[in-house]
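One structure is given below, encoded as structure tokens.
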Amino acid sequence: MKRKLLYRPEALADLSDTETYTRFTWASEQAKCYIAALVSDIKLLRVSALQNPPYESVYLGLRRKRSGMHHVYYLTSGDIVEVLKIIHVQRDPGTHLRVETWRDEA
């Protein structure tokens with residue numbers, strides 16, 4: 001099944017911040033390649049979302065997928081994959097996953 005992919009505004013902001021940081025730190029070409037790979041991995045969730053294990057210590061149904069040096073946190077419901085946050089693997093997800101911002105919207 002190919003699911004519809006939705007991004008929360010926080011996830012889009014994370015993508016933008018990641019692109020800006022990578023461009024500043026590693027140059028424009030590296031930023032383009034890294035973001036393209038990250039977006040490609042996210043698009044693959046449309047068919048592989050349930051293959052990643054649940055990460056329910058924060059929220060029931062939450063899953064995460066690693067892409068490069070980032071984790072993509074998302075929920076699935078029926079034919080929808082909703083990307084909530086994109087967080088660097090060295091950051092504490094408990095600090096950056098603010099359940100209160102998306103609990104009522106899910």
Note to self: Amide H of His71 versus every other amide H placed in the peptide plane: which residues, excluding those fewer than 5 positions away on the same chain, fall under 5 Å?
What the structure shows: Ile87, His88, Val89
Item checked: Fraction of beta bridges assigned by DSSP in the chain that are antiparallel (%, nearest 5) -> 80 percent
Check: By how many nm would the segment from Arg91 to Ser77 grow when fully extended, if each residue of separation counts as 0.36 nm and the alpha-carbon distance is taken off?
Finding: 2.4 nm
Check: Taking the simple approach of a point 7 Å from Cα along Cα-to-Cβ for both Gln51 and Lys4, what is their distance in nm?
Finding: 2.4 nm
Item checked: HN-Hα J in Hz across region 57-69 - Karplus 6.51, -1.76, 1.60, θ = phi - 60°, x for Gly and Pro -> 5, 9, 7, 4, x, 5, 10, 9, 10, 8, 9, x, 9
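So what is the 222 nm mean residue ellipticity for the chain from helices alone, if each DSSP H run of at least 4 adds -39500 (n - 2.57) and you divide by all residues, rounding to the nearest 500 deg cm²/dmol?
-13000 deg cm²/dmol
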Next item on the list: Compute the distance in nm between two label points, each set 7 Å from the Cα along the Cα-to-Cβ direction, one at Gln30 and one at Asp17.
Entry: 2.0 nm
Item checked: Convex hull volume per residue in cubic angstrom - Cα atoms of the chain -> 94 Å³
Notebook entry, point to check: On full extension of the chain, what length is gained from Leu60 through Ala37, given 0.36 nm per residue of separation minus the C-alpha to C-alpha distance?
Noted result: 5.5 nm
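Each reported figure results from applying straightforward, stated rules to the coordinates on display, with no laboratory input. What you are looking at is a predicted structure, and each value in this text was computed from that prediction instead of being measured. Quick reminder, even Gly has a Cβ in these numbers, built from the backbone with ideal geometry, and neighbours come from all protein chains shown.
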